[in-house]
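Working notes for the structure below.
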Amino acid sequence: MKHMLFNYNSAQLWINKNKNYDVGISYSGYYPFIDKYIAKSNTKKKLIWVHTDLKKVYETDKLYHERIRLTKNKYNYFDNIVCVSNSIKEEFIKF
């Protein structure tokens, strides 16, 4: 049910199509609904933050494998990916 309610297409239902914004920021990167909401919003520029070493989480948490598989393409919807540190950036690029 969760995946049916909160996917990229249904996120459009929550967005006011009459409003345009300069920047949309998915500051979280952990909550798919926020990412999807920003990805589908009417903004000139879309940014998403990466707070953690996704490769390390992937390697240590087997439950995260499916989540990564389902959400890895979300980054294609954003103009910029902002990493909280250079080491996170390097690991993100490798991953």
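The values are calculated or read from the model by the stated rules, or taken from the named source; none is laboratory data. The structure presented is a predicted model; accordingly, all values stated were derived computationally and were not measured. As a convention, Cβ positions derive from the backbone with ideal geometry for all residues, glycine included, and neighbour counts pool all protein chains shown. These area figures cover heavy atoms from the full protein model, side chains too; ligands, DNA and RNA do not enter into them. Shrake-Rupley method; radii C 1.70, N 1.55, O 1.52, S 1.80 Å.
Within segment 16-54, can you find the residues that are in contact with a Lys or Arg (Cβ under 8 Å, 6 or more places away or on another chain), open to solvent by less than 80 Å² (accessible area, probe 1.4 Å) and of a type in the set (S, T, N, Q)? Within segment 16-54, S26, N42 qualify.
Among the residues of segment 15-29, those that are at pLDDT 65 or above and not polar (S, T, N, Q) comprise I15, K17, K19, Y21, D22, V23, G24, I25, Y27.
Consider only pairs whose beta carbons are under 6 Å apart and that are at least six residues apart or on different chains; among these, list those whose first residue lies in segment 49-77 and is more than 16 Å from P32 (Cα to Cα) and whose second residue is open to solvent by 70 Å² or more (accessible area, probe 1.4 Å). Cβ pairs passing all conditions: K55/F95. Residue count for segment 55-95 under the criterion of being open to solvent by 50 Å² or more (accessible area, probe 1.4 Å) and either on the phi > 0 side of the Ramachandran plot or part of a strand (DSSP E or B) (or both): the result is 2.
Within segment 47-54, does at least one residue satisfy the condition of being at pLDDT 90 or above, polar (S, T, N, Q) and not in a helix (DSSP H, G or I)? Among the residues of segment 47-54, not one is at pLDDT 90 or above, polar (S, T, N, Q) and not in a helix (DSSP H, G or I), which makes the answer no.
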